[in-house]
Amino acid sequence: MFLAVCQGLGLAIAAGLILGVVFPPIMPTWGVVAGAAPLGVLAAGAALNGADESFWPALPVGVIGAGLAAVVSRDVAAGAIRRQRGQPAGVEAQGPSGVTAIVVLAAVVVAAVSLFLQPFSLAVLLALCWLWVSRRRHADRKHEGLRVLR
């Protein structure tokens, strides 16, 4: 069961990475999670079904894996858009093709390695958590000086 859940987590993370880089940067975080969660649950459910396991673990694994991956990849793509154009990203803004290609390639690698080396997805999940926390800390420090001016 553990290996099937890890495999499902890897597939859910891959789905979330691809969806996150496609979503517009202006989309709120809850919208990104809500958009990526169904595909993450389906991907995790397919892995669990292939291993003849019950489907219920696919619900939390798919939502957490795909949601976190989509939020992180959307933030990375939004940062790339801001650096490329030097302005806030709007609804019509799309990530640079280089960033999109790199994220899609990373998603394919995560999915492929997770099929054969299932616990690899746990390392990817920890890396995504670390990246998300470090980006949040950096954003808080960036605006810290503005709070002092009040």
Quiz item: When you look at Ala70, is it under 13 Å from the mean Cα position of the chain (by Cα), assigned to a helix (DSSP H, G or I) and either at pLDDT 90 or above or not aromatic (Phe, Trp, Tyr) (or both), yes or no?
Solution: yes
Exercise. Specify which of the listed residues (Gln84, Gln118) is over 20 Å from Val133 (Cβ atoms) and not in a helix (DSSP H, G or I).
Key: Gln118
Quiz item: Within the stretch 44-51, is even one residue within 13 Å of the chain's Cα centre (by Cα) and either modelled with pLDDT of 95 or more or not aliphatic (A, V, I, L, M) (or both)?
Solution: no
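So which residues in the stretch 23-41 are buried (at least 18 other Cβ atoms within 10 Å of the Cβ), more than 11 Å from Ala69 (Cα to Cα) and hydrophobic (A, V, I, L, M, F, W, C)?
Selection gives Phe23, Leu39, Val41.
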Practice problem: Could you tell me which numbered condition Gly145 fails, if it satisfies all but one of (1) under 22 Å from Thr29 (Cα atoms); (2) modelled with pLDDT under 80; (3) of a type outside the set (Lys, Arg)? | Solution: (1)
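The values are calculated or read from the model by the stated rules, or taken from the named source; none is laboratory data. Bear in mind that the values here come from a model prediction, so they are computed numbers and not experimental data. Methodologically, a virtual Cβ is constructed for each residue, glycine included, from the backbone with ideal geometry; neighbour enumeration extends over all protein chains shown.
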